[in-house]
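**Q** Please read through the structure below; I'll follow up with questions.
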Amino acid sequence: MGQVNKISMDAYTYDLPQDRIAEYPVDQRDQSRILVMQDGIPGDDIFYNLPGYLPEGGMMVFNDTRVIRARLVFFKDTGARIEVFCLEPVLPSPEISQAFEAASPVTWKCLIGNAKKWRSGKLSIELKTADGEVNFEAERIGEKDGVFLVQFSWDQAAISFAGVLEAAGRVPLPPYIERDAEDDDVDRYQTIYARQDGSVAAPTAGLHFTEEVLNSIRRKKIDIEHVTLHVSAGTFKPVSHDDIRDHEMHNEQIIISRKLVEALIRNKGAVTAVGTTSMRTLESLYWFGSLLTQNPGADFSVKQWQPYDGKQDRVSKDEALNNVLQHMKTSGKGEISGSTSLIIIPSYQFRIVDILATNFHMPRSTLLLLVAAFAGEKWRDAYQYALDNGFRFLSYGDSCLFFRNDQKS
């Protein structure tokens, strides 16, 4: 861990009434509100006007992961409702892209609602798909620390697990939205640029963007680039310890294209991250490149406390990015996949990102710590302004725009 000072989570909390948590999105994506922190002063606007606050040139980076229908509902013969929430794949591959392409059977780590009512035996659903009727079954095969291993099987070899989930699953709304998913959520709990299946939660900062807003960004000569971070259910994992040093950060799969690395190397303007997932992916890319300085054969696996061990601080951004590019050229790959459990807390020095567009986050969360690290103590003024002025919070809520705390907007 290195020299990480104690950070008490009591200092990163605020009172969030339930009625301030948005249960539904606004009617039109880009008509949500945005709080803009300029020179440390909060201002209020409509998200449609976001491009006007961005400097010309530079680049904006989006997470193009696509939310899967990870929530499955079965009923036992007794009528008991069993809810299975898919977390991450185990077999035939832990790689998300391969896991979705797999044929029957597959094994996933899952959460199970009403698990006491389902200790053994198979549960099944009859599905209607474009390829005909499918019998879809689930069986508990293991458990550890409240997470269950579930084997899924189905009787149509031509259908992938992704196809089965599309037919059987429901939109996995966050636990703090106290309603069942509805038809509109299929579209609204998904960004318009989502491409890569794999998330069990949306990268919600991107939910506000429309083609009109994207075109306005392009007109400012801001390049639009994409990364992929498959958001895990760990994003909702509460920090149960008072000292952040005792918290174990969740691990998430990421994919970076050579096109993005080359764009970052060419870029001379500000880099805007859309959401905390894009932020963590970009900063993780730096730490992978930094690691390659010491070990050119290193795996793309960024650990939670890697930035805080003091061993790699002298590597410049350009050197780190060029290390990654050379690694990709040597391997002949157009993209690389890896994983990150990077935690960004106050004292973190940002290497790549200059501007952050994000939603409002839960009290006592690692996401709020990230915002505090980026915006400095002004995060408190921003959140108090939002609470005082009727902003809507969390996944379906409003947005905010922060400039790095050592820069002026």
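The values are calculated or read from the model by the stated rules, or taken from the named source; none is laboratory data. Worth saying up front: this structure is predicted, and the values here are computed from it rather than measured. Cβ coordinates were reconstructed from backbone atoms using ideal geometry, including for glycine residues, and neighbour counts include every protein chain displayed.
**Q** When the residues of segment 308-357 are narrowed to those that are in a loop (DSSP other than H, G, I, E, B) and among the polar types (S, T, N, Q), which ends up farthest from Val36 (Cα to Cα)?
**A** Going through the qualifying residues, I end up with Gln312.
**Q** Check off (1) of a type in the set (A, V, I, L, M, F, W, C); (2) closer than 29 Å to Glu178 by Cβ; (3) out of contact with any Leu (no Cβ under 8 Å at 6 or more places or on another chain) for Leu91 and give me the number that stays unchecked.
**A** Condition (2) is where Leu91 drops out.
**Q** Could you tell me how many of the residues in segment 103-134 are surrounded by fewer than 17 Cβ atoms within 10 Å (Cβ to Cβ) and either on the phi > 0 side of the Ramachandran plot or among the aromatic types (Phe, Trp, Tyr) (or both)?
**A** 3
**Q** Checking Ser240 against (1) over 25 Å from Asp197 (Cα atoms); (2) at pLDDT below 95; (3) surrounded by 15 or more Cβ atoms within 10 Å (Cβ to Cβ), which single condition isn't satisfied?
**A** (3)
**Q** Still on this structure, please answer the following. Take segment 265-278 and flag every residue that is crowded, with 24+ Cβ neighbours inside 10 Å and either free of Cβ contacts under 8 Å to residues at least 60 places away in the same chain or touching a Leu at 6+ places or on another chain (Cβ under 6 Å) (or both).
**A** Within segment 265-278, Ala273, Thr276, Thr277 meet the criteria.
**Q** When you scan segment 298-330, how many residues do you find that are touching a residue at least 12 places away in the same chain (Cβ under 8 Å) and hydroxyl-bearing (Ser, Thr, Tyr)?
**A** 2
**Q** Among residues belonging to segment 63-90 that are without any contact (Cβ under 8 Å) to a residue 60 or more places away in the chain and in a strand (DSSP E or B), point out the one that is nearest to the chain's Cα centre (by Cα).
**A** Pro89
**Q** Only one of these conditions is not met by Ala158: (1) of a type in the set (Gly, Ala, Ser); (2) part of a helix (DSSP H, G or I); (3) over 12 Å from the mean Cα position of the chain (by Cα). Which number is it?
**A** With (1) of a type in the set (Gly, Ala, Ser); (2) part of a helix (DSSP H, G or I); (3) over 12 Å from the mean Cα position of the chain (by Cα) applied to Ala158, the lone miss is (2).
**Q** Does segment 155-177 contain at least one residue that is farther than 30 Å from Glu23 by Cβ and either charged (D, E, K, R) or assigned by TED's automatic domain parsing to the domain that holds Phe47 (or both)?
**A** Yes.
**Q** For segment 383-400, how many residues are in a helix (DSSP H, G or I) and either surrounded by fewer than 19 Cβ atoms within 10 Å (Cβ to Cβ) or under 22 Å from the mean Cα position of the chain (by Cα) (or both)?
**A** Residues meeting the conditions: 5.
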